[in-house]
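What follows is a single structure, written as C-alpha coordinates, with notes after it.
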Amino acid sequence: MEIKCKKTKRFLCSINYNEIITLLEKYGVVLERPLELIIPCRTCHQSEVYRIYKDHYVFVENKSVK
(Lines give C-alpha, C1' and ligand atoms only; values in the text may rest on other atoms or scores of the structure.)
Protein backbone atom coordinates (compact mmCIF):
# COMPACT_ATOMS: atom_id res chain seq x y z
CA MET A 1 0.00 0.00 0.00
CA GLU A 2 1.42 3.39 -0.97
CA ILE A 3 0.70 6.52 1.05
CA LYS A 4 0.70 9.95 -0.61
CA CYS A 5 0.47 13.46 0.83
CA LYS A 6 -3.12 14.76 0.84
CA LYS A 7 -2.07 18.29 -0.18
CA THR A 8 0.70 17.73 -2.71
CA LYS A 9 -0.02 14.13 -3.82
CA ARG A 10 3.69 13.42 -3.26
CA PHE A 11 4.73 9.83 -2.46
CA LEU A 12 5.50 9.49 1.27
CA CYS A 13 6.01 5.79 1.94
CA SER A 14 5.07 2.24 1.08
CA ILE A 15 3.67 -0.13 3.73
CA ASN A 16 3.45 -3.92 3.53
CA TYR A 17 0.72 -4.49 6.12
CA ASN A 18 0.62 -8.29 5.72
CA GLU A 19 4.34 -8.58 6.46
CA ILE A 20 4.01 -6.39 9.55
CA ILE A 21 1.12 -8.50 10.88
CA THR A 22 3.04 -11.73 10.19
CA LEU A 23 6.08 -10.46 12.10
CA LEU A 24 3.97 -9.31 15.04
CA GLU A 25 2.12 -12.64 15.22
CA LYS A 26 5.47 -14.41 15.26
CA TYR A 27 6.22 -12.64 18.56
CA GLY A 28 2.74 -13.27 19.97
CA VAL A 29 1.33 -9.77 19.44
CA VAL A 30 -2.26 -9.43 18.19
CA LEU A 31 -3.39 -6.07 16.83
CA GLU A 32 -6.83 -4.97 17.98
CA ARG A 33 -6.37 -1.35 16.89
CA PRO A 34 -5.10 0.15 13.63
CA LEU A 35 -1.47 1.18 13.27
CA GLU A 36 -1.01 4.94 13.55
CA LEU A 37 1.75 6.51 11.48
CA ILE A 38 3.09 10.06 11.55
CA ILE A 39 4.89 10.84 8.30
CA PRO A 40 6.58 14.18 7.53
CA CYS A 41 6.16 15.69 4.07
CA ARG A 42 9.09 17.76 2.80
CA THR A 43 6.96 19.60 0.25
CA CYS A 44 4.14 20.96 2.43
CA HIS A 45 6.28 21.10 5.64
CA GLN A 46 3.73 19.31 7.79
CA SER A 47 3.51 15.87 9.36
CA GLU A 48 0.51 13.80 8.35
CA VAL A 49 -1.15 11.31 10.68
CA TYR A 50 -2.63 8.14 9.17
CA ARG A 51 -4.39 5.10 10.62
CA ILE A 52 -3.45 1.94 8.74
CA TYR A 53 -5.99 -0.89 8.45
CA LYS A 54 -5.69 -4.25 6.69
CA ASP A 55 -6.76 -3.08 3.23
CA HIS A 56 -6.88 0.73 3.43
CA TYR A 57 -5.63 3.78 5.31
CA VAL A 58 -7.43 6.80 6.72
CA PHE A 59 -6.02 10.32 6.92
CA VAL A 60 -6.51 11.74 10.43
CA GLU A 61 -4.86 15.18 10.58
CA ASN A 62 -1.96 17.45 9.68
CA LYS A 63 0.52 18.53 12.33
CA SER A 64 2.95 21.43 12.05
CA VAL A 65 6.61 20.42 11.93
CA LYS A 66 8.54 22.29 14.59
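Rg of the Cα atoms in the chain, relative to 2.2 N^0.38 Å, amounts to 1.21.
Tell me, what % of the accessible area of region 1-60 is carbon and sulfur with a 1.4 angstrom probe? Don't skip to the answer; put the middle values down first.
On the way: 2280 of 4470 Å².
Carbon and sulfur: 51 percent of the exposed surface of region 1-60.
Comparing mean-square fluctuations of Ile21, Ile39, Ile52 from a GNM of the chain with C-alpha springs under 10 Å, the top value falls on Ile21. Since only Leu23, Thr8, Pro40 are under comparison, the one whose Cα sits farthest along the positive direction of the charge dipole of the chain, derived from C-beta charges on Lys, Arg, Asp and Glu, is Thr8. In this Cβ point-charge picture (+1 for Lys and Arg, -1 for Asp and Glu), the chain has a dipole of about 440 debye about its Cα centre. Annotation: per residue accessible area for the chain equals 77 Å², rounded to a whole number [probe 1.4 Å, protein chains only]. Compared with the dominant principal axis of the Cα atoms in the chain, helix 17-26 is inclined by about 40°.
The values are calculated or read from the model by the stated rules, or taken from the named source; none is laboratory data. On a predicted model such as this, the values are computed, not experimentally measured, just so you know. Note that we place each Cβ from the backbone using ideal geometry, even for glycine, and neighbour counts take in every protein chain shown. The protein model used for the area step is the full one, side chains on, heavy atoms only, and it has no ligands, DNA or RNA in it. Shrake-Rupley method; radii C 1.70, N 1.55, O 1.52, S 1.80 Å.
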